[in-house]
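The values are calculated or read from the model by the stated rules, or taken from the named source; none is laboratory data. What you see is a predicted model, and the numbers here were worked out from it, not measured in a lab. Note that each Cβ is placed from the backbone with ideal geometry, even for glycine, and that neighbours are counted across all protein chains shown. These accessible areas exclude ligands, DNA and RNA; they are computed on the full protein's heavy atoms, side chains included. Shrake-Rupley method; radii C 1.70, N 1.55, O 1.52, S 1.80 Å.
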Amino acid sequence: MEARKRAASILTYTLLILSFAIFVFPFFLMVVNSFKNNGEILESPFSLPTSLNFGHFAEVVDKMNFFVSFRNTVVITLLSVLLIGIFAAMTAYYMVRRPTKFNNGLFALMVASMIIPFQSIMIPLIYIYGAKLHWIDAAPIPLLIILYIGFGSALSIFMYHGFVKSIPYELEEASLLDGCTRAQTFFKIVLPMLAPTSVTIAILNVLWIWNDYLLPSLVLTKDQDFTMPIKMKVFNGTYMNNWELLIPALLLTILPILVAYLFGQRYIIRGVSQGAIK
């Protein structure tokens with residue numbers, strides 16, 4: 001019996017190590033090849049670089065106009081995530097504490113809207129905001145943030161909704177008796193207690209918005225407004241066979257969000273699992 005358990009344990013760890021190697025190996029290749037020139041990459045893509053050449057990274061930053069696209073991506077992501085979190089928490093709190101038929105029906109519609117694919121509504125959406133309202137030409141980045149708030153609120157409200165139910169209403173009653181308004185009760189009592197959920201929702205939305213290509217490609221039409229995924233697509237079209245520039249550019253594009261995911265993955269797993277239980 002002990003031998004069987006030991007064999008099962010060895011098999012489990014072997015499969016985990018193999019899975020880890022399969023997922024990490026492409027990133028390892030990208031890192032080691034980012035320091036090579038075209039000849040070295042094509043001749044021996046699996047070997048370690050003979051020297052650490054950072055000149056390709058400097059060239060990519062210059063030709064890609066990296067810091068402009070990085071700034072645009074950071075601004076759009078942070079503002080969208082912040083506003084989604086605030087509005088979703090307030091909406092979920094109101095729906096839980098005011099369980100009327102209208103609010104329950106509205107919540108059901110929000111949950112149902114998550115199954116609608118974006119591709120089915122993107123053409124009329126862009127037609128309305130572009131051809132009719134002309135917001136795409138006038139204010140593309142604010143429009144993109146508004147669209148992210150709209151598309152990201154349903155899942156965030158759904159996750160907040162389950163956590164707000166677990167907060168004892170007696171805490172809110174005590175704060176109201178002490179003279180707090182409903183708004184003060186929410187921001188001083190309820191919102192701090194939703195911090196773990198807020199972190200989970202923020203990380204999920206950061207991963208989505210930072211990596212999103214389709215929606216920004218429809219809204220952002222000027223080079224100075226491009227986010228990093230769009231800029232990477234344009235850069236790839238310009239330097240299609242220049243691997244010594246493409247690989248460092250790809251590494252610079254994914255590195256910030258990869259670091260954010262590595263530090264936040266435990267919050268994602270914890271928040272989603274707790275939300276499912278509640």
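Looking at the stretch 24-42, can you tell me whether even one residue there is within 34 Å of the chain's Cα centre (by Cα) and over 20 Å from Leu245 (Cβ atoms)? Checked against the condition, which is being within 34 Å of the chain's Cα centre (by Cα) and over 20 Å from Leu245 (Cβ atoms), the stretch 24-42 yields at least one hit.
Working only within the stretch 34-57, note down all residues that are more than 24 Å from Val24 (Cβ to Cβ) and not in a loop (DSSP other than H, G, I, E, B). Those that are more than 24 Å from Val24 (Cβ to Cβ) and not in a loop (DSSP other than H, G, I, E, B): Asn38, Gly39, Gly55. Only one of the numbered conditions (1) farther than 30 Å from Leu218 by Cβ; (2) open to solvent by 20 Å² or more (accessible area, probe 1.4 Å); (3) assigned to a helix (DSSP H, G or I) is not met by Leu155, and that is (1).
To keep it simple, each residue is scored yes or no on (1) part of a helix (DSSP H, G or I); (2) touching a helix residue (DSSP H, G or I) at 6+ places or on another chain (Cβ under 8 Å).
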position: Glu173; (1), (2): yes, no
position: Cys180; (1), (2): no, yes
position: Phe187; (1), (2): yes, no
position: Thr197; (1), (2): yes, yes
position: Ala202; (1), (2): yes, yes
position: Val206; (1), (2): yes, yes
position: Trp210; (1), (2): yes, yes
position: Leu215; (1), (2): yes, yes
position: Leu218; (1), (2): yes, yes
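Checking Ser153, Ser166 one by one, the residue that is among the polar types (S, T, N, Q) and more than 25 Å from Val75 (Cα to Cα) is Ser166 and no other. Quick one: in the stretch 87-138, which of the residues that are surrounded by 15 or more Cβ atoms within 10 Å (Cβ to Cβ) and among the β-branched types (Val, Ile, Thr) is nearest to Ala195 (Cα to Cα)? Among those residues, the one meeting the criterion is Thr91. Could you check the stretch 92-120 and list, in sequence order, the residues that are within 20 Å of Phe163 (Cα to Cα) and part of a loop (DSSP other than H, G, I, E, B)? Within the stretch 92-120, Arg98, Pro99, Thr100, Met114 qualify. When Arg71 is tested against (1) open to solvent by less than 80 Å² (accessible area, probe 1.4 Å); (2) within 23 Å of the chain's Cα centre (by Cα), only condition (1) is not met. The conditions of being closer than 23 Å to Ala249 by Cα and over 14 Å from the mean Cα position of the chain (by Cα) are not met by Ser175. Return a yes/no flag: does the stretch 172-181 have any residue that is touching a residue at least 12 places away in the same chain (Cβ under 8 Å) and closer than 18 Å to Ala92 by Cβ. Scanning the stretch 172-181 turns up at least one residue that is touching a residue at least 12 places away in the same chain (Cβ under 8 Å) and closer than 18 Å to Ala92 by Cβ. Here Val60 fulfils each of the conditions (1) touching a residue at least 12 places away in the same chain (Cβ under 8 Å); (2) part of a helix (DSSP H, G or I); (3) open to solvent by 70 Å² or more (accessible area, probe 1.4 Å) apart from (3).
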